[in-house]
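A.B. asks: Below is a structure I'd like to ask you about.
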Amino acid sequence: MTNYIIRRLLLVPVILFGVSVIIMGMLQLLGPIERSALYVKDFPKNDRQVDGIIKKYALDRPFHEQYWRWLTGVKDPVTGHREGGVLYGDFGYSRSASQPVIDIIRTRFPNTVELALWTVVPMLSIGIWLGIKAAVYQNTWVDQLARMFSIVGTSFPTFVFGLLVLILFYAKLGWFMPGKMSDWANQVVRSPQFVNYTKLLTIDSLLNGRFDIFWDALRHMILPILTLSYINWATYVRVMRSSMLETLRMDYVTTARAKGLTEGVVINQHARPNAMLPIVTMAGMSVVGLLGGVIITETVFNYPGIGKATADAAANLDVVTTIGMAIFSGFILIISNLIVDVMYAVIDPRVRLS
Amino acid sequence: MANELLNVQGLETRFKTPEGLIHAVNGVSFHLKEGETLGVVGESGCGKSVSMLSVLKLVPMPPGEIVAGTAEFKGKDLLKMTNEEIRQVRGGQIAMVFQDPMTSLNPVMTIGKQLEEPLMLHLGLTKAQVRSRSIELLEQVGIPRAAERLKDYPHQYSGGMRQRVMIAMALSCNPQILIADEPTTALDVTIQAQIVELVIKLREQLGMAIVWITHDLGVVASIAHRVAVMYGGFIIEEANVKDLYKSPSHPYTIGLLGSLPQIQAQTRQRLYSIDGMPPVLYKKPQACPFAPRCKWVLERCWHENPRLEPVGEGHRVACWADTKSGSER
Ligand SMILES: Nc1ncnc2c1ncn2[C@@H]1O[C@H](COP(=O)(O)OP(=O)(O)OP(=O)(O)O)[C@@H](O)[C@H]1O
Ligand SMILES: [Mg+2]
């Protein structure tokens, strides 16, 4: 098992290298002057300055040189001060947000993580639970309900659902609101008494004993959560149901029953782990969908996560920030795929021991 | 006469499928005595597995449904038992081994864990006892380095080994009946012989009764005392092994025996095989289900389904024709 994880971890830099080469490669479609935007904070005052950047980062040199300097930055021969260098966390300066890209990631990513956690955890548990119930009680009302839910859920685009929910609960009823938290909550959070343990607001507010802030944060997040998880819930229910139905027909389930095991043990200990395998694969894939969904959903609900940051940057034609976000998303994807693979190996000995 | 263990009468099982109702088992009756081995033979789809699964109420319900019959095990009807009661019988007093060892073990559970389940459930052994008993069981079925191999997963075992594990698991609680559903069909010929040998050895040691389902009449000859031949959801002939091979009476049995390669025969006979396909029964047969494929077919066969009638000591057959003379009985 440890071996397996180490082997997979060794792959991470390789894949990241591929991703970054592709992204940098795409930049080759632009000229050296346009590429210099990666490194300048302001619009250059004169051409000499631009030429200096082009020289410094080898922007008119072959691809591999450009790539190397982009990766490692350039050290000033006199002061020893390093400039640039993705490896050192310098993704450039975002013009649209007026701050370094890495700072955008640093402040916004916890918000997206929080949103993703609140989306994925209930989604997986409810989806799996409902799918299993539907399969075990096939053709009863539980099953019919789950199937109706998944048909409606899969035939309705996220943004339409998001807008509808927004119109109803936000505009008409005023129950929930967009953004991250109310102003009063923001003041409390910024005050020195409030300790940021995890940077995840819902968790920190609980740790600080501020249930009012927790409730406020939840009210702000509930609509994006609903929107993000809506389609996936439906898919999880459907996939889990059919996977479970298939598993229940397997010979080893009959073997388990023939041993005299109770139906509960047969389903929970013999059938479910096997039926989970496709769900784990799917969970990995839906992280990709989630990253896409996050961009739309955060924009619709004005939620300050990296999805909204990316959308803002792209809308302002801010190449530097967009690239930084692309690399970072690639990194997140690789890590989440790694987690999925490890989980798969935990469940399935055939993967683990091969 | 030894005590009767299992007595099945008039068993009928159907499946509701989108294509229609399938009458898989249409009134099967048989009995099994202590320590006796009954071979059940017949073509694919004739209802062998469903009959035996029905006895333990293991047919998937739905789509399956046991609509009639009784299955008395030591005087108690298994089919009328509650789920709780029949669970005590399953794996404890009546155990099963299935056809495909590749799919009948849980791929994500260790062999040790799968072996231990019935031991804990039916014998209530402690952890330590379970472990030593598991090792003992694996050794009994001829698996080397048993202690180490307990923590292996099914995919680390070969097909033959897995079937040995299945047998060990089935016999772990000293059942009175072992139902083996084509346990050798999926295996290589040499492995098949080993498995048959193993079961014969274990039968001598443990003395359990066996129902051995197969479509290999050669295997039946080497292991069974008595044979039931099934066709279209019915038992159409039943006899002691010797009688059945010496004087098969049903045209279908004659066909089956004819399609056995006769190795010892001096002149190679042309293999006799039965033309036509076994029926899929969307209606409960009112006539003899074998009539369309029968060489001896009579007028009556098309209208009336024959019942099992005795033709000799412990030899019963369901056929209107006397296959010796060709005329009606
Ligand atoms: N779960 C099921 N759903 C629908 N029909 C079924 C089901 N199980 C069995 N049947 C039908 O019941 C009939 C008898 O099947 P059964 O499995 O008993 O045959 P068998 O004699 O064991 O054949 P084989 O030698 O192939 O194992 C077949 O026509 C089969 O299609
Ligand atoms: Mg079968």
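The values are calculated or read from the model by the stated rules, or taken from the named source; none is laboratory data. Everything numeric in this text was worked out from a predicted model, so none of it was measured. Cβ placement follows ideal geometry from the backbone for every residue including glycine, while neighbour counts extend to all protein chains displayed.
A.B. asks: Could you tell me which residue of segment B:91-108 is farthest from B:Leu58 (Cα to Cα), considering only residues that are under 27 Å from the mean Cα position of the chain (by Cα) and more than 16 Å from ligand 2 (Cβ to nearest atom)?
C.D. replies: B:Pro107
A.B. asks: Still on this structure: Hey, could you check segment B:209-234 for residues that are under 27 Å from B:Pro175 (Cα atoms) and among the hydroxyl-bearing types (Ser, Thr, Tyr) and say which is surrounded by the most Cβ atoms within 10 Å (Cβ to Cβ)?
C.D. replies: Per the stated criteria, the residue is B:Thr214.
A.B. asks: OK, next. If we scan segment A:15-29, do we find a residue that is free of Cβ contacts under 8 Å to residues at least 24 places away in the same chain, of a type outside the set (Asp, Glu) and over 22 Å from A:Leu87 (Cα atoms)?
C.D. replies: yes
A.B. asks: Counting just the residues of segment B:80-97 that are surrounded by 18 or more Cβ atoms within 10 Å (Cβ to Cβ) and modelled with pLDDT under 90, which one comes out nearest to ligand 1 (Cβ to nearest atom)?
C.D. replies: Among those residues, the one meeting the criterion is B:Gly91.
A.B. asks: When you go through B:Glu237, B:Glu204 one by one, which is the residue that is within 16 Å of ligand 1 (Cβ to nearest atom) and either away from chain A (no Cβ under 14 Å) or buried (at least 24 other Cβ atoms within 10 Å of the Cβ) (or both)? Write out each step before concluding.
C.D. replies: Working: B:Glu204 fails: within 16 Å of ligand 1 (Cβ to nearest atom).
Step by step, each of B:Glu237, B:Glu204 is checked, and only B:Glu237 is within 16 Å of ligand 1 (Cβ to nearest atom) and either away from chain A (no Cβ under 14 Å) or buried (at least 24 other Cβ atoms within 10 Å of the Cβ) (or both).
A.B. asks: Something else: Take the residues in segment A:68-119 that are in a strand (DSSP E or B) and not hydrophobic (A, V, I, L, M, F, W, C); name whichever of them is surrounded by the most Cβ atoms within 10 Å (Cβ to Cβ).
C.D. replies: Result: A:Ser94.
A.B. asks: Also: Looking only at segment A:309-339, filter to residues that are over 26 Å from A:His220 (Cβ atoms) and of a type in the set (Val, Ile, Thr); which one of those is surrounded by the fewest Cβ atoms within 10 Å (Cβ to Cβ)?
C.D. replies: A:Ile335
A.B. asks: To continue, here is another question. Here are some conditions: (1) in a loop (DSSP other than H, G, I, E, B); (2) within 21 Å of A:Pro224 (Cα to Cα); (3) not basic (Lys, Arg). A:Phe194 meets all but one. Which one does it not meet?
C.D. replies: For A:Phe194, the exception is condition (2).
A.B. asks: Now for a separate question. Quick test of your reading of the structure: B:Ser54 fulfils all but one of (1) at pLDDT 90 or above; (2) closer than 28 Å to B:Tyr157 by Cβ; (3) of a type outside the set (A, V, I, L, M, F, W, C); (4) within 16 Å of ligand 2 (Cβ to nearest atom). Name the failing condition by number.
C.D. replies: (2) is the only condition that B:Ser54 fails.
A.B. asks: Condition first: within 14 Å of chain B (Cβ to nearest Cβ), assigned to a helix (DSSP H, G or I), crowded, with 18+ Cβ neighbours inside 10 Å and without any contact (Cβ under 8 Å) to a residue 24 or more places away in the chain. Can you find one or more residues in segment A:205-214 that meet it?
C.D. replies: So far as segment A:205-214 goes, no, none of its residues is within 14 Å of chain B (Cβ to nearest Cβ), assigned to a helix (DSSP H, G or I), crowded, with 18+ Cβ neighbours inside 10 Å and without any contact (Cβ under 8 Å) to a residue 24 or more places away in the chain.
A.B. asks: A follow-up question, please. Have a look at B:Gly20, B:Gly45, B:Gly69, B:Gly27 and point out the one that is at pLDDT below 85 and more than 16 Å from ligand 2 (Cβ to nearest atom).
C.D. replies: That would be B:Gly20, the only listed residue that is at pLDDT below 85 and more than 16 Å from ligand 2 (Cβ to nearest atom).
A.B. asks: Which condition from (1) farther than 18 Å from B:Val41 by Cα; (2) out of contact with any helix residue (DSSP H, G or I) (no Cβ under 9 Å at 6 or more places or on another chain); (3) modelled with pLDDT of 75 or more is the one that B:Gln264 breaks?
C.D. replies: Here B:Gln264 meets the rest and fails (3).
A.B. asks: Run down B:Met120, B:Met109 and say which single residue is aliphatic (A, V, I, L, M) and crowded, with 19+ Cβ neighbours inside 10 Å.
C.D. replies: Every option except B:Met109 fails the conditions.
A.B. asks: Which condition from (1) of a type in the set (Ser, Thr, Tyr); (2) away from ligand 1 (no atom under 12 Å from the Cβ); (3) under 22 Å from A:Val266 (Cβ atoms) is the one that B:Thr37 breaks?
C.D. replies: (3)
A.B. asks: Another question, then. Restricting to segment B:182-194, and then to whatever is away from chain A (no Cβ under 14 Å) and within 18 Å of B:Ser49 (Cβ to Cβ), can you tell me which residue is nearest to ligand 1 (Cβ to nearest atom)?
C.D. replies: Only one residue tops the list, namely B:Thr184.
A.B. asks: While we're here: Residues that are touching a Gly at 6+ places or on another chain (Cβ under 7 Å): find the helices (runs of 4 or more DSSP H) completely inside segment A:263-354 holding 2 or more of those. Show your work before the answer.
C.D. replies: Numbers: elements: A:272-300, A:306-315, A:319-347, A:349-352.
So the answer is A:272-300, A:319-347.
A.B. asks: Can you report the number of residues in segment A:134-166 which are under 14 Å from A:Leu226 (Cα atoms) and aliphatic (A, V, I, L, M)?
C.D. replies: Count: 5.
A.B. asks: Another one. Which members of segment A:227-270 meet the condition of being at the interface with chain B (Cβ under 10 Å from one of its Cβ atoms), out of contact with any Phe, Trp or Tyr (no Cβ under 9 Å at 6 or more places or on another chain) and of a type in the set (Gly, Ala, Ser)?
C.D. replies: Answer for segment A:227-270, where residues must be at the interface with chain B (Cβ under 10 Å from one of its Cβ atoms), out of contact with any Phe, Trp or Tyr (no Cβ under 9 Å at 6 or more places or on another chain) and of a type in the set (Gly, Ala, Ser): A:Ala256, A:Gly260.
A.B. asks: Show me the helices (runs of 4 or more DSSP H) entirely contained within segment B:99-192 in which 2 or more residues are under 22 Å from B:Met208 (Cα atoms) and at pLDDT 85 or above.
C.D. replies: Hits in segment B:99-192: B:111-118, B:127-140, B:159-171.
A.B. asks: What do you reckon, is A:Ile306 within 22 Å of A:Trp118 (Cα to Cα), more than 10 Å from chain B (Cβ to nearest Cβ) and surrounded by fewer than 20 Cβ atoms within 10 Å (Cβ to Cβ)?
C.D. replies: Working: within 22 Å of A:Trp118 (Cα to Cα): yes; more than 10 Å from chain B (Cβ to nearest Cβ): yes; surrounded by fewer than 20 Cβ atoms within 10 Å (Cβ to Cβ): no.
The answer is no for A:Ile306.
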